[in-house]
Amino acid sequence: VSIPTGMGKTLIAAVVMFNFHRWFPTGRLAFLAPTKPLIHQQIKAVRKTVGLPKSALAELTGALRPEERAKLWREKRLFFLTPQTLVNDLEQCLCPAHELVCLVVDEAHKATGQHAYVQVAELT
């Protein structure tokens, strides 16, 4: 979705995630944002908008050890992370890519050249 700021992109993403969470009861969903502050902001906005269960949600960052991230990939279904963290987890086979049923890309205009968004698309 490409619409101006403040017109409801996050609302659309939240509703899409909510529906995919219901439609695919074992599927994994990832919301990618380019910075940690933006990830925090989007987690709050998505949870406030549609009430996705906190128990199913994980915020993954490079600050977490790979073992911790692998455990979260096994236990949770909703992930908020930077594209670089997802690239790392895909390359290290921590993320079950075949179980990803929804991928939300915030700031998608950055997906050019060798940006991590491009790498995510190539790896999934």
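The values are calculated or read from the model by the stated rules, or taken from the named source; none is laboratory data. All figures in this text were calculated on a predicted structure; none of them were measured in a lab. Neighbour counts are summed over all protein chains in view; Cβ atoms, including those assigned to glycine, are modelled from backbone coordinates with ideal geometry. Just so you know, the surface numbers come from the protein's heavy atoms only, side chains and all, with ligands and any DNA or RNA stripped out. Shrake-Rupley method; radii C 1.70, N 1.55, O 1.52, S 1.80 Å.
Need one number: the % of Cα-Cα pairs in the chain sitting beyond the 16 Å mark. Value for the chain: 59 percent of Cα pairs lie more than 16 Å apart. If the segment from residue 55 to residue 71 were pulled out straight at 0.36 nm per residue, it would be longer than the present Cα-Cα gap by 4.4 nm.
Label zone of residue 40 (point 7 Å out along Cα→Cβ, amide N under 17 Å): in the range 72-95 this covers 80-82. In summary, the helical segments of the chain meeting the span-like criteria, namely a full DSSP H run, a Cα extent along the axis of 18 angstrom or more and a mean Kyte-Doolittle hydropathy of at least 0.0, are 9-23. Atom-type composition of the exposed protein surface of the chain places 57 percent of the accessible area on carbon and sulfur (1.4 angstrom probe). Each of 56, 32, 104 was placed along the dipole of the chain (beta-carbon charges, centred on the mean Cα), and the one lying farthest toward the positive end is 56. The residues of the chain have, on average, 56 Å² of accessible surface per residue, using a 1.4 Å probe with all protein chains present.
Label reach from residue 47 (point 7 Å along Cα→C-beta): in the range 72-106, amide nitrogens under 12 Å belong to 80.
Legend: calculated FRET efficiency, residue 93 to residue 23, from the Cβ-Cβ distance at R0 = 22 Å, rounded to 0.05, equals 0.25.
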